[in-house]
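Remarks on the structure that follows.
The values are calculated or read from the model by the stated rules, or taken from the named source; none is laboratory data. In this text, all values refer to a predicted model and were calculated from it rather than measured experimentally. So basically every Cβ, Gly included, is an ideal-geometry build from the backbone, and we count neighbours across all protein chains shown. Only protein heavy atoms, including side chains, enter the accessible area calculation; ligands, DNA and RNA are left aside. Shrake-Rupley method; radii C 1.70, N 1.55, O 1.52, S 1.80 Å.
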Amino acid sequence: MKAPFLLRSSIPERINYITVVFVLMISLFLSSCSEVEKKGLALTPPMGWNSWNAFQGNINEAKIKEAADIMVSSGMRDAGYEYLVLDDGWMAKERDSTGNLVGDPEKFPNGMKSLGDYIHKKGLKFGIYECRGFLTCMKLPGSFKHEKQDMQTFASWGVDYIKLDGCYAERNGRLSSVELAIYRTSIDETGRPMVLSISDFGNGSWAWGAKESAQLWRTSYDIYPDIESVYACAATTGGNEAIHPAFNGLGQFAGPGHWNDADMLQVGNLPDISQDKIHFGLWCILASPLMAGNDLSSMPDDIRDILTAPEVIAVNQDARGLQGYKVSETGNTEIYNKPLSDGTTAVLLLNKGEDTADIKVTWEMIGLSGKQKVRDLWERKELGEFNDSFTAAKLSKNGHMLIKVGTPGGTIIPGPSPLPLEKYTVTRDGTTWLTELYYIMKSGDAPQYDKNFNGDAISVNGTRYEKGLGCRSSLRIMFKINGKADRFTAVVGSDDFYSGKETSRFRVLNEDFFGNQVLFDSGKIKPDSLVNIDINIKGVDYLLLMFDGEHTYGVWADARVISPQN
Ligand code: GLA
């Protein structure tokens, strides 16, 4: 059969069919992409260096130029680190008389455009920090009500990457999704492609679809040069720290053009090299952006070697863009799997415990079988062929191995199946108990489903409830409603097992914390009182439940949403 609308008699029919299929495939792919992905930015996790972890606000032109020089001379640029990002502290305390942002004249006497030119001449890209509040976190001028103007200013300076913080944004009176769309439109209007990196301390950008406006978003609070902080940040994206365990991490929200950012690297700032190494290995397997944060002017060779390890970086930068996911967790040992685009898979075996451990990965866990080649990616060395499994022997505390299993060119190994929508959003008319849905974002201790926080039956003022969430303060949890429900009802109060005297507070918000659209606020309530909630949530896509108090235990009893019956 012919495809008449495309046929030209001089072109063989077969080629036309191929063209048609190709065009259809491309248009299908593009129509399934978000607006941001279509721009082709950040198709692999962004890599660069950011000034904050090394210097905080103490930056100036000389330091930044030196960092640019070393990014080149150390081999970092050639290893893939392309963005040099100035974090908070670069700007003057006041805008100029026309309301434009200006660099701090003492720190940056030649201005920001000239610094950008220097960075570009080095073959690097220029990144800059701003904040969507009226002030930055360091209390310098924020972009609120100057969005268009600031994006124009950045474009005129040659900026390629914007890290957008969230301090004070809760005062803006706009939903975060609305606010970020303003930035996206303002960026697009400049005509300059600029990556938008959301720094909202893990408030749930993945959950409410920040990928429509941004290429990456933070999943955690700020990272510190401490291995526990590193593990906690990793757990927000690769574990259950920020989402219901049923999701097995945030992987399903990441991919080419949209990344979960476990925060900037502390490699080189940790107390020992094995910690630096595991930190880097974890960020690579989790496809987290790699923003180095060490003082490059005093970088020892062994830290440079970690940051530029080619085969480890290749795992992070794999074009398929799958985020690695946990396939095993026993006590203090963990195994992550990241199927790659060449038919092999990267596996990270980690010992977080005090005692030395042997960690075994079976091929079954990672979608393979039989005899498989194993390569050590840090050592860049073949380890041989192994039947059915591989054991990383005698891993000491914070010890790990990063290996590649399989033969390039082999059949592509499938990634994990995303959790289907009906498991975490409202899909039917009438009542949906919130505990029928997996929460899509959490910060604080995981709530208990249909139990109090201790795991016993829910009881408030002597009344038992079958359904509800048992919590310990402070907790934020988000549910995806998808605009499907009209009402939210619940009975809230302290669970009867709580014998303390502290007050607690229950709030319901539309979308995230920074949007600050409060739909319900109980105020401070005493442990022996309860409050009935019955509110209109028409059109609400995401419901954020907030529970606060000093070590109090509360319940959202009978929490449900009600959709109109058709
Ligand atoms: C917040 C961000 C940090 C850094 C500082 C700057 O805390 O999370 O990464 O940008 O602000 O003030």
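The table that follows gives values for the structure above.
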| item | result |
| --- | --- |
| Under the Karplus curve 6.51 cos²θ - 1.76 cosθ + 1.60, θ = phi - 60°, whole-Hz ³J(HN,Hα) for region 173-190, x wherever Gly or Pro sits | x, 9, 4, 4, 4, 5, 4, 5, 5, 5, 5, 4, 4, 5, 5, 4, 5, 6 |
| Probe 1.4 Å, all protein chains present, accessible-area order of D188, D528, largest first | D528, D188 |
| Heavy atoms of T153 accessible to a 1.4 Å probe, total area in Å² rounded to 10 | 10 |
| Derived scalar couplings ³J(HN,Hα) [region 58-69; Karplus, 6.51 cos²θ - 1.76 cosθ + 1.60; whole Hz; x for Gly, Pro] | 7, 10, 7, 4, 4, 5, 5, 5, 5, 4, 4, 4 |
| Å³ per residue enclosed by the Cα convex hull of region 348-402 | 72 |
| Whole-percent carbon and sulfur share, accessible surface of region 188-337, 1.4 Å | 49 |
| Sequence of R560, R132 from largest to smallest accessible area, 1.4 Å probe | R560, R132 |
| Region 369-525 - charge dipole about Cα centre, Lys and Arg +1 at Cβ, Asp and Glu -1, debye rounded to 20 | 420 |
| Anchor K107: aspartates and glutamates whose Cα lies under 19 Å away (excluding residues fewer than 8 positions away in-chain) | E61, E66, D69, D87, D88, E94, D96, D117, E130, D295 |
| Relative contact order (%) - region 368-487, alpha-carbon pairs under 8 angstrom, separation at least six | 20 |
| Charge dipole of region 109-192 about the Cα centre (unit charges at C-beta), most positive-ward option of V178, I119, F134 | I119 |
| Contact order normalised by residue count of region 211-367, Cα under 8 Å, 6+ apart, percent | 18 |
| Binned Cα-Cα distance frequencies in region 338-379 - 10 Å width, integer % | 21, 53, 23, 3 |
| Calculated from backbone phi, Karplus (6.51, -1.76, 1.60) coupling profile of region 148-163 in Hz, x at Gly/Pro | 4, 4, 5, 5, 5, 4, 4, 4, 5, 8, x, 5, 10, 8, 10, 8 |
| Long-range amide H partners of A92 with built H, under 5 Å | V102, G103, D104 |
| Amide H contacts under 5 Å for V267, placed H, 5+ residues apart | G293 |
| Sequence-distant residues sharing a close amide H with C131 (under 5 Å, placed H) | S143, D165 |
| Nearest-0.05 FRET efficiency for E94 and S529, computed from C-beta distance (R0 41 Å) | 0.25 |
| Positive-end residue, the chain charge dipole about Cα centroid, Cβ charges, pick of N53, G399, L469 | L469 |
| Dipole in debye (nearest 20) - the chain, about Cα centre, beta carbon charges: Lys, Arg +1; Asp, Glu -1 | 1360 |
| Where D534, D272 fall by accessible area, highest first, once all protein chains stay in place (1.4 Å) | D534, D272 |
| Heavy atoms of S341 accessible to a 1.4 Å probe, total area in Å² rounded to 10 | 60 |
| Percent RCO, i.e. relative contact order, over the chain, from Cα pairs under 8 Å lying at least 6 residues apart | 11 |
| Accessible-area value, T362, 1.4 Å probe, nucleic acids and ligands omitted, Å² | 40 |
| Cut-off 9 Å between beta-carbons: net charge of the residues surrounding D318, Lys and Arg +1, Asp and Glu -1 | +1 |
| Å² per residue, accessible surface of region 262-315 at 1.4 Å | 26 |
| Net charge over other residues, Cβ less than 10 angstrom from the Cβ of N172 (K, R count +1; D, E count -1) | +2 |
| Listed residue (N337, S369, C284) projecting farthest to the positive dipole end of region 281-371, Cβ model | S369 |
